[in-house]
1. Limited to the stretch 322-353, what total is found for residues that are out of contact with any Pro (no Cβ under 6 Å at 6 or more places or on another chain) and either of a type in the set (Asp, Glu) or assigned to a loop (DSSP other than H, G, I, E, B) (or both)?
2. Could you say whether any residue in the stretch 284-307 is touching a Phe, Trp or Tyr at 6+ places or on another chain (Cβ under 8 Å) and either among the acidic types (Asp, Glu) or more than 14 Å from Ala512 (Cβ to Cβ) (or both)?
3. Just one of Ala320, Ala326, Ala299 is under 30 Å from Phe276 (Cβ atoms), among the aliphatic types (A, V, I, L, M), surrounded by 14 or more Cβ atoms within 10 Å (Cβ to Cβ) and touching a residue at least 12 places away in the same chain (Cβ under 8 Å); which is it?
4. Of these, Phe280, Phe276, which one is touching a Leu at 6+ places or on another chain (Cβ under 8 Å), closer than 27 Å to Val455 by Cα, surrounded by 19 or more Cβ atoms within 10 Å (Cβ to Cβ) and not assigned by TED's automatic domain parsing to the domain that holds Asn491?
5. Tell me the residue from Lys114, Lys73 that is over 25 Å from the mean Cα position of the chain (by Cα) and among the basic types (Lys, Arg), please.
6. If only one of Glu223, Glu192 is within 14 Å of Lys65 (Cβ to Cβ), in contact (Cβ under 8 Å) with a residue 60 or more places away in the chain and surrounded by fewer than 16 Cβ atoms within 10 Å (Cβ to Cβ), which one is it?
7. Just to be sure I understand the filter: pairs with C-beta atoms under 8 Å, separated by 6 or more residues or on different chains, first member in the stretch 233-254 and part of a helix (DSSP H, G or I), second member surrounded by fewer than 20 Cβ atoms within 10 Å (Cβ to Cβ) and among the basic types (Lys, Arg). Which pairs pass?
8. What is the number of the single condition among (1) closer than 22 Å to Gly216 by Cβ; (2) buried (at least 20 other Cβ atoms within 10 Å of the Cβ) that Arg12 does not meet?
Amino acid sequence: MRRINTKRRHKRADKVIAFIENLTIPSGLGAGSKFKLRRFQEKFIRAIYTPHVKEDRQWRRVVRKAILSIARKNGKTALIAALVLVHLVGPESVPNGELYSAANDREQATIIFKFARQMIELDRELADMVMVVPSTKTIISRLDGSVYRAISAEAGTKHGLNPTFVVFDELAQSKNRDLYDVLDTSFGARAEPLFAVISTQSNDPEHIFSKLIDDGLNAQRPETICHLYAVPDDADIFDPKTWMLANPALGDFRSMADFKALAERARRMPAEEPKFRNLFLNQRVAPYSTLVSRAAWFACIGPADLVDGEEVYGGLDLSARNDLTALVLVSNADPSRVKPLFWKPEELLDEHSNRDFGHNTRRYQEWHKEGWLDVSPGRSIDLAVVAMRIAQLSERYRIRGIAFDRWRVEELLKEFDRIGFQTYRDKAKGEREKPGYGLRMVDWGQGFYDMGPAVDALLGAIDERKLVHPSSPVLNWNLANAVASMDAAGNRKVDKEKAKFRVDGAVALVMAVGLKARDRLNEVPLDIRAMVA
């Protein structure tokens, strides 16, 4: 067993702190004065550079991955730039080291490089040690040949790197994990590599940064540390006592007056609240108007199994190749128990996992293996597979109706006819096209007229805990991605155009709950003749 030493190498952390505190702040509050680490910053640095283990008769740093999640405007950029210099020309430099500050776009990458460059220019001794190349956002150490470069996800291939130190800025804002994966898998040839990630939280529980935080907080591996500063989801976000939990610099170099103004704006304008929660309270919510809050949705997790023979409603959102095909059933009882079903083309699982979750991921394959996702043979959804499954479900449950998005529905109805499964269409609110037999299929518009009341019904059921779901990771992901847009009358709908990732399950759930609420409002009687025995 390796013996970890947390006392012997305190001096290493002391040297890092002393180096940083000898740097000059180039801009903002305190510009021109020496850097003074705050308690939370020093705590993070000591957690990285203090624990050591003896390997091959040498004491080596234990920590290989360091995660700091904190709200905006708490000195993140300055800390990143300082750590870059620590590893480039400071006490952590090594001969021919490779250092990278990674960002999601060129503009953010430029800010980090600029801050590091300004620190150097304010110190004549540092300036003599390096050569700065602004055109490539590169700084080269004249002492030992080490190179620092600011890179972004937009700047082409990053393969072939051999870094000693990487710091990733605002990983939570990344649309995919490609850059992270390339960097994370490139450390193999170094004795003491370090990968630091400093970011606000992501709204998506399946995002790589959410996974890193959850793993870092729960794992018992000393190689990873995670410091999370966030206001709890159920806290009063307008109580100043809670703000410090996500903003340890508040009242110091983080302006209290500015923060109060942000809070008052969020109080006055509900559309600003999600942004305030995510960026300034560091909660795992989207910085725009999400359909359902994460805390409210996860509060509805519970036993959700449907009973054979019980009445249910369905929502169906079809796809061809790119999206998920989603069917969500909800019980006609209160609380509504939720049964989600999803399909993906079998031959596209690898391609779509890489597209939606990043290079070399197998998220869809894992969900399929765990039973949360079904597959359709080939490279597109075969609606015969979906039709047969719905027919089987109709034998098991008493389906009062399935609300559907009209796209591809004519093809589905033909498949029903082909297998001899009887359906009829119900086109108007509470009115049938004609008396029908078989499964009731209900046209459901995707605009504010149909979706507005359905969204209200879903949010009301969640708020009143009249909905129970099994915590399907596919449906959880879809709900986390769902963005609500609003018309002048206050009606809301799921806006697929604004969503970054898949929301098909959220759309199907809204339609299913909406149809149930509509039938109850209109008191549509159950026509036994229209049910499949």
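1. Of the residues in that region, 10 qualify.
2. There is no residue in the stretch 284-307 that is touching a Phe, Trp or Tyr at 6+ places or on another chain (Cβ under 8 Å) and either among the acidic types (Asp, Glu) or more than 14 Å from Ala512 (Cβ to Cβ) (or both).
3. Ala299
4. After applying the criteria, what remains is Phe276.
5. Testing whether each residue is over 25 Å from the mean Cα position of the chain (by Cα) and among the basic types (Lys, Arg) leaves just Lys114.
6. Only one candidate qualifies: Glu223.
7. Cβ pairs passing all conditions: Pro240/Lys260.
8. Of the numbered conditions (1) closer than 22 Å to Gly216 by Cβ; (2) buried (at least 20 other Cβ atoms within 10 Å of the Cβ), the odd one out for Arg12 is (2).
The values are calculated or read from the model by the stated rules, or taken from the named source; none is laboratory data. Model, not experiment: these values are computed from the prediction. For neighbour counting, all protein chains shown are included, and Cβ atoms are generated from backbone atoms with ideal geometry for every residue, glycine included.
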